[in-house]
1. Along the charge dipole of the chain, Cβ charges K/R +1 and D/E -1, which of T218, L90, A103 sits furthest on the positive end?
2. Whole-Hz Karplus ³J(HN,Hα) for the stretch 249-255, in order, using 6.51 cos²θ - 1.76 cosθ + 1.60 and θ = phi - 60°, x for Gly and Pro?
3. For each of T56, T165, count neighbouring Cβ atoms within 10 Å of the residue's Cβ, then give the residues from fewest to most.
4. Kindly write out, for the stretch 77-82 in residue order, the coupling ³J(HN,Hα) from the Karplus curve 6.51 cos²θ - 1.76 cosθ + 1.60 (θ = phi - 60°), rounded to whole Hz, with x marking Gly and Pro.
5. Suppose R0 equals 30 Å; then what is the FRET efficiency for Q79 and D4 from their Cβ-Cβ distance, rounded to the nearest 0.05?
6. Which whole-Hz ³J(HN,Hα) couplings does the stretch 173-188 yield from phi under the Karplus relation 6.51 cos²θ - 1.76 cosθ + 1.60, θ = phi - 60°, glycine and proline marked x?
7. Which of the listed residues, A131, A49, L76, is farthest toward the dipole's positive end in the chain, when Lys, Arg count +1 and Asp, Glu count -1 at the beta-carbon?
8. Counting other C-beta atoms within 10 Å, which of V91, V180 has the fewest, and how do the rest follow?
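We did not get these values from a lab; they are worked out from the coordinates using the rules stated. Source: prediction; values computed, not measured. Heads up, the Cβs are rebuilt from the backbone with ideal geometry, glycines too, and the neighbour counts pull from every protein chain shown.
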Amino acid sequence: MELDKKLNQPLAEYLKHLGDNTLILAQRLSEWCGHGPVLEEDLAITNVALDLIGQTRLWLGLAADIDDTGGDADSLAYQRDVLDFRNALLVELPNGDFATTAARQFLFDHWQLLALAELSRSSLQPLADIAAKSHKEVRYHTDRSDQWVRILGDGTPVSRERFETALNALWSYTGELFEVKQGDQALIDAGIITDMSLLHRQWRDDITSVLDQASLATPPDEYMQRGGRDGMHSEHLGYLLAEMQFLQRAYPGAEW
């Protein structure tokens, strides 16, 4: 389809949301490199981070093309300030212990799996192609996350307690994933993106199914944290970007 120019700005913002989610989560996961609980998991976390970086290049690359401001995926990743990032708050939170990282990944993977399945049917072919390619990777990520929920939930009293604590602490950050912003509606009407609010029930059912297998309770839906897509972030993102963007900030245009 030929994109209506009026949709360029909201679409670029939405693509940044998708790309910023994967970029920031990949950065968090990469912090586990060399610190995983077992060697196999150390390698697995690193591979998931690499998959997410690959997805980031595609999402932000398409966003830069639509923005048409002369930037590219690298400039969007390394040259924007905190207020310009559109990622959900969930992915920028500190790793905490392994149970916290596992719980965050579990919640995000199930959202991303549903979102990509819907986006793979987008009327905008480049977006649909990226979503379809990414969906294959995220199916593996989700299976792996589900396995860790069962291991930790049905493991020792300590692993169960830690996972329950992490799940309850992170739950209030999940509502933001299903927000529909004002600029999204025109994209939904054009068939370019899906109405994410319609996916919330299926996501909750999928989450509950896995938690039931591990004899864990699904947290109640109460107050939800919001603001990431509007550029209102926690203090944690600033520290993350200071580390991630240091080289390009200190030596603009530097290449390996």
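1. T218
2. 6, 7, 10, x, x, 5, 9
3. T165, T56
4. In residue order, the calculated couplings are 6, 10, 10, 9, 8, 3 Hz.
5. 0.60
6. Values, residue by residue: 9, 7, x, 4, 5, 10, 5, 10, 7, 4, x, 6, 4, 5, 5, 5 Hz.
7. Comparing the listed Cα positions along the dipole, A131 ranks first.
8. Result, fewest neighbours first: V180, V91.
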